[in-house]
Every structure is written in structure tokens, then in C-alpha cells.
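First the structure, in the form of C-alpha cells, and then the observations on it.
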Amino acid sequence: MESLEPELENLLVTLVPGLANTWQGATADEIDAIEKVAGRPLPRFYRWFLSTMGRDMGPLEDSTRDCSAKRVLQCYSDGLVTVDRRYLLVGYETDESVPMHLFYDLDRPVRNDAPVLEMYMSGADPTYGFETFREKLAWSAFAAHRLQRLPQRCIGLLTATEGGRVLAQLAPVMSANGFIQPIATGPFCGIFDRSDSAIICAIAPEDPPLDFLVFRFGGASQGALRHLLGTIAEEAALSIEVQSWEPPLE
């Protein structure tokens, strides 16, 4: 059967060799049950997610957050979360010290998906993270299985010095310098890869959009990263503030 998400699926199995042999999808009955809870058709991406890894995410599993169909349905059946037509639980946080669970905002569909936010079961303090669940999964997998494995990394801010959206100014410069975008994204998240380095950037979806993005950059050395950051700042007219290095510089 043809995949609903061929681009993302290709990225994930490339990042994690053998992944397709470890992830397990939810049953059709479980997916139908979640759709009944939602009270509306599930986003296409979420249907792919559930059918592909809704039982077991394999190496992509979050250490504390359970996104399985079984856990989601159990939370509703146990009354831990109230059925809400707008907000659908998609990830249960098992760490009781920070019980911010992952929800869809189904009232804001975008690109066959929807924004995801962290929120208490009570509905208090919603905090939006990514414009789509798809981008959250791709960003997290790329961070853990590509960027974190590069020898030197840094974290900081990219800010538009002359107005406009940061990603729109960044993307053509990255392309001109040999980077590819393994998946298409919206204006609030970017993933760029090259044989010797990688960069991810994101910001919570806001209206109007904020004029900066938080970035994580990985490469062979501090010198190589500084050179690339200098190129980006000059060619994209972006201000770059490096806030920390991993591992710390001596």
C-alpha cells in the first residue's frame, strides 16, 4: 500500500536504519476509536502516524511521553482527560514532575495536519510548540539521530535584521551552500542537511510570526560552524547570536 507520508517516512528510515522493522502500527479498530473521540476525521498525518507507529515507535520513542493509541484511548476511558472537539490528546506525559501532555488543536488544520501543543489535562497553560505534528516528529528525530551525532554543536537565535520571515531568507542561502531540505516545512520550522553539517530551526507558530528562529547547528568543528554562520549572516541578512556550545568550548 502506498504510504501517506513518503517524504517523511524516507527521512526517518534513513536516519534510523532498520526502523521499519521495529515500529508497529495501531489496529484499525484503535484508529477508528480515536476518530470517534475526536468527533471528526483525523488529520491525514495522524492517521499515517497511528497506522505506522501507533503501537510502538521503536527508536523514535520518547523516553517519558507515550504517544501510543492504546495509552490515548486509556486516558479517555479512565476519565483522565475530558473529550473536547478542539483538543485531542496524542501524547501522555508519564513524568509526574512535569505533566504537560501533547494535544492536537483540531480547529486549526494545516497541510493535512494540525498544530500540537503541550497542556495540562485540566486544559490550563496551553503552550504551542510546532505548526504540525509532522514537523515535530521530523525535528525531534533529526535532532536526536543526525545533529546530536556531529562532533560540535551550537544553539542560538537567527533574527531578521531587515524584516520579513527568517526561514524565507535562510532557505535560499542554505541551498546555495549545498544544503538540502529533506522534508518540506512551513514558515516556523526548518531542517537542512549537508554531508558535513546539519541545522534545524523552529519557533512556536504565532500570528503574526515572530522575527526570529531558535537554531541548533552541528558540524565537524567550532571553526567550521563559525565559518558557516558567518556565511549565513552575510548572505541572508540575518543576525546570529550563539548562546551555547555542545560540548562546551575550552
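Relative to the longest principal axis of the Cα atoms of the chain, the long axis of helix 6-15 lies at roughly 70 degrees. A Förster radius of 30 Å, combined with the Cβ-Cβ distance separating Glu9 from Asp196, puts the computed FRET efficiency at roughly 0.75. Among residues other than Asp125 with Cβ under 14 Å from its Cβ, the summed charge is -2 (Lys and Arg +1, Asp and Glu -1).
Per-residue ellipticity at 222 nm, computed for the chain from helices alone with -39500 (n - 2.57) per DSSP H run of at least four residues, works out to -9500 deg cm²/dmol. Shown here: log10 I(q)/I(0) by the Debye sum over Cα atoms at q = 0.09 Å⁻¹, derived from the displayed model; of the candidates (i) -0.42; (ii) -0.37; (iii) -0.58, it corresponds to (i).
Overall, the ratio between the Cα radius of gyration of segment 120-250 and 2.2 N^0.38 Å, rounded to two decimals, is 1.05.
Relative protection proxy for 192-205, 99-112, 132-145, 224-237, from highest mean packing down: 132-145, 192-205, 99-112, 224-237 (other beta-carbon atoms within 10 angstrom).
Shape analysis of segment 163-203 yields a ratio of the Cα radius of gyration to the Kirkwood radius, Rg/Rh, of 0.94.
Working from the alpha-carbon coordinates of segment 6-135, get Rg over Rh, Rh being the Kirkwood radius. Spell out each step's value before the answer.
Values: Rg = 14.0 Å, Rh = 14.9 Å.
On the Cα set of segment 6-135, Rg over Rh gives 0.94.
Rounded to whole numbers, the Karplus 3J(HN,Hα) couplings from phi for segment 181-186 are 10, x, 9, 6, 9, x Hz, using 6.51 cos²θ - 1.76 cosθ + 1.60 with θ = phi - 60°, and x at Gly and Pro.
Our estimate of slack between Ile155 and Val242, defined as 0.36 nm per intervening residue step minus the Cα-Cα distance, is 30.7 nm. If R0 is 30 Å, the Cβ-Cβ spacing of Leu80 and Asn112 corresponds to a FRET efficiency of close to 0.60.
Couplings for segment 44-57, taken from phi via the Karplus curve 6.51 cos²θ - 1.76 cosθ + 1.60 with θ = phi - 60°, read 4, 4, 5, 5, 4, 4, 5, 6, 9, 9, x, 9, 8, 8 Hz in order; Gly and Pro are left as x. Amide H to amide H, with H built 1.01 Å from N, Tyr120 comes under 5 Å of His101, counting only residues 5 or more places away or on other chains. A simple spin-label model places the labels of Glu61 and Thr231 4.0 nm from each other, with each point 7 Å out along Cα-to-Cβ. Phi-derived couplings, Karplus 6.51 cos²θ - 1.76 cosθ + 1.60 at θ = phi - 60°, listed residue by residue for segment 226-243: 4, 4, 5, 5, x, 4, 5, 4, 6, 7, 9, 6, 10, 8, 10, 10, 7, 9 Hz, with x used for Gly and Pro.
Report the FRET efficiency, 1/(1 + (r/R0)^6), for Ala176 and Asp211, where r is their Cβ-Cβ distance and R0 is 22 Å, rounded to 0.05.
According to the calculation, E is roughly 0.50.
None of the figures in this text is laboratory data; all of them are computed from the coordinates on show. If you're wondering where the values come from, they're calculated on a predicted model, not measured in any experiment. Every residue, glycine as well, gets a Cβ built from its backbone with ideal geometry; the counts of neighbours run over all protein chains shown.
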